[in-house]
Amino acid sequence: MIVKKAVIILTIAVSMVFSGIAYIYAEGQQKMTILYKDGKKQVIYLDESSCNILTIDFSTQGMAADPRKQYTDTSKQYTDTRGNRVAVPCGKLAFADRVVAYNIGNPAPTDRRAMNPNSALGEPDYISEEDSYKRPVYPDVTLGCGGSITLEFTRVSLVDVQGPDLYIFETGPAVEPAMVEISKDGFNWINVGRVSGGKASLDIHNYVSPNDQFRFVRLTDLRSACGGNFPGADIDAVAAIGCITVQ
């Protein structure tokens, strides 16, 4: 049975973390969003369907010990170059923020401004080709034909959640095919599929085990567009949609 979004208004009279009025939305069957009066949000992932909830305990003893069950929701929405809107629950923290390796393919891009791997770090900042040409370094990095880039999440871990878990912000009107791999340690890799065409998101559910946490992602161009001045995939940012903050 599909559970429609319900709104429960709770008046909380405790001298603890919670005070005033909180609005709780039971979304779908296994996700609950709490909106506080100061505008902050908190997402709680449930172990069972929300239909099975009998009581909600606001004491400290009732809070989940598993960090994947609770985190402060700093969700932000981003728009890629094809106009797709992407909600990222951990906001700016969810983006890969360290370059581990950059192996330029052959042929490589002709403009050296497109060969800075740091352009793939942090939130997406590509605006347009015209804007990029004005910059000393392009806001995206070109892999070159068959090239690859390995990135690390230092502030969050990538985890499996319902729906897409990983989003690749590639620039241009279409996603140039790239193989996507993830790793816990940067040495042992799991191939979780490819992004191509208009598809820039991946669901890692079928490739991982419950409670797995990953810190590394590797993108490898699949040699489908090796001509022109910018051969290979052009990467602006990589986001962990399924994310927990690193303790």
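Bear in mind that the values in this text are calculations on the coordinates, not laboratory data. What you are looking at is a predicted structure, and each value in this text was computed from that prediction instead of being measured. Cβ sites come from the backbone with ideal geometry, for glycine too, and all protein chains shown count toward neighbours.
Data for the structure
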quantity: Separation in nanometres of the label points that stand 7 Å from Cα toward Cβ, at D185 and N106; calculated: 3.2
quantity: Estimated FRET transfer efficiency when R0 is 35 angstrom, pair R113-T33 (beta carbons, to 0.05); calculated: 0.25
quantity: Label-point gap, in nm, between Y133 and K76 - each point 7 angstrom along Cα→Cβ; calculated: 2.9
quantity: 5 angstrom amide H check on D203, placed H, neighbours 5+ away; calculated: D165
quantity: Hz values of 3J(HN,Hα) by residue in segment 139-151 - Karplus curve (6.51, -1.76, 1.60), Gly and Pro given as x; calculated: x, 10, 10, 9, 7, x, 5, x, x, 8, 9, 10, 10
quantity: For peptides 148-158, 131-141, sequence by mean Cβ density within 10 Å, most packed first; calculated: 148-158, 131-141
